[in-house]
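This report concerns only the one structure given below.
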Amino acid sequence: MSDMGIADGFRQQPSKGQAIVAFDFDGTLTVRDSFTAFLRWRAGRRGWALGLVKLAPAVAVYAKDRDRGRIKAASVKQFLKGVSRAELEADAEEFATDVWAKFMRPDALACWKDWGERGAHRVIVTASPGLTVAPFARRLGAEGLLGTHLDFDARDRLTGKFTSPNCRGEEKVLRLRTAYGDAMALTAAYGDTSGDTEMLAIAEQPGFRVFTERP
């Protein structure tokens, strides 16, 4: 069972001729990786330290293969396996409230607001789980949210796996075209890592690391 439904509230379809603007989330709209910060916040100092020790073998593998999807899945399994959807959603909401003021880049928020005032369809495209980014997307008034999908079992508890590829690189473009059609055109896109390269390449106005302000 996937968390794909989390995006339903953000899956508004742009009207004909409406500009579509895509924003990466971690490091672009925020000052740091939100999912790592969430896991650390939720686990607490002691739980985080213990979890990192148990993750050491996965970290060693990552140092060799640089597979971000694999290390992320290992982190989900370590810190979230068995957690119910309801609990995770509540924790994600509390986390967003707790960190918002110290997490969001002022210049990125200004750009986000400007595109909104210009009538654009703004979509967040992130490698982080859509479920944990959703509270931020709601606060932003996002029209779209595309993220990595978590897997839930028949009891609606996290299995520690994903039901989609890690949403970075070519996967970001694939997810955009799946959501908006193969003929989709991005008016603008913003990102800050190599995982955003393909998305920026199809945008009329690509913005790479253009947001630098800190709260």
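The values are calculated or read from the model by the stated rules, or taken from the named source; none is laboratory data. Everything numeric here is computed off the predicted structure, so don't read it as measured data. Glycine gets a Cβ as well: all are built from the backbone with ideal geometry, and neighbour counts include every protein chain shown. Just so you know, the surface numbers come from the protein's heavy atoms only, side chains and all, with ligands and any DNA or RNA stripped out. Shrake-Rupley method; radii C 1.70, N 1.55, O 1.52, S 1.80 Å.
A few remarks follow.
- Here Ala134, Ala127, Ala120 are screened, and the one residue that is among the hydrophobic types (A, V, I, L, M, F, W, C) and over 24 Å from Phe79 (Cβ atoms) is Ala120.
- Restricting attention to segment 157-183, the residues being open to solvent by 60 Å² or more (accessible area, probe 1.4 Å), among the charged types (D, E, K, R) and within 30 Å of Gly17 (Cβ to Cβ) number 4.
- Of all residues making up segment 79-97, the number that are open to solvent by less than 20 Å² (accessible area, probe 1.4 Å) and either farther than 19 Å from Asp33 by Cβ or touching a Lys or Arg at 6+ places or on another chain (Cβ under 6 Å) (or both): 1
- Candidates Thr132, Thr148 - the one that is in contact with a helix residue (DSSP H, G or I) (Cβ under 6 Å, 6 or more places away or on another chain) and of a type in the set (Val, Ile, Thr): Thr132
- Of all residue pairs spaced 6 or more apart or on separate chains, those with beta-carbon atoms under 9 Å, a first member in segment 191-205 that is under 17 Å from Ile124 (Cβ atoms) and in a strand (DSSP E or B) and a second member that is of a type in the set (A, V, I, L, M, F, W, C) and modelled with pLDDT under 95 are Ala203/Ala185.
- Test set (1) open to solvent by 30 Å² or more (accessible area, probe 1.4 Å); (2) among the aromatic types (Phe, Trp, Tyr); (3) part of a strand (DSSP E or B) - Trp100 fails condition number: (3)
- From the options Gly116, Gly144, residue that is over 15 Å from the mean Cα position of the chain (by Cα) and either over 23 Å from Glu87 (Cβ atoms) or of a type in the set (Ser, Thr, Tyr) (or both): Gly116
- Unique match (being crowded, with 17+ Cβ neighbours inside 10 Å, hydrophobic (A, V, I, L, M, F, W, C) and assigned to a helix (DSSP H, G or I)) among Val76, Val53, Val59: Val76
- Residues that are loosely packed, with under 15 Cβ neighbours inside 10 Å and among the basic types (Lys, Arg) within segment 41-50 comprise Arg45, Arg46, listed in sequence order.
- Qualifying residue in segment 21-40 (condition: assigned to a helix (DSSP H, G or I), of a type in the set (A, V, I, L, M), at pLDDT 95 or above and open to solvent by less than 80 Å² (accessible area, probe 1.4 Å)): yes
- Selection count where residues are under 25 Å from Gly17 (Cβ atoms), at pLDDT 95 or above and open to solvent by 50 Å² or more (accessible area, probe 1.4 Å), scope segment 184-201: 2
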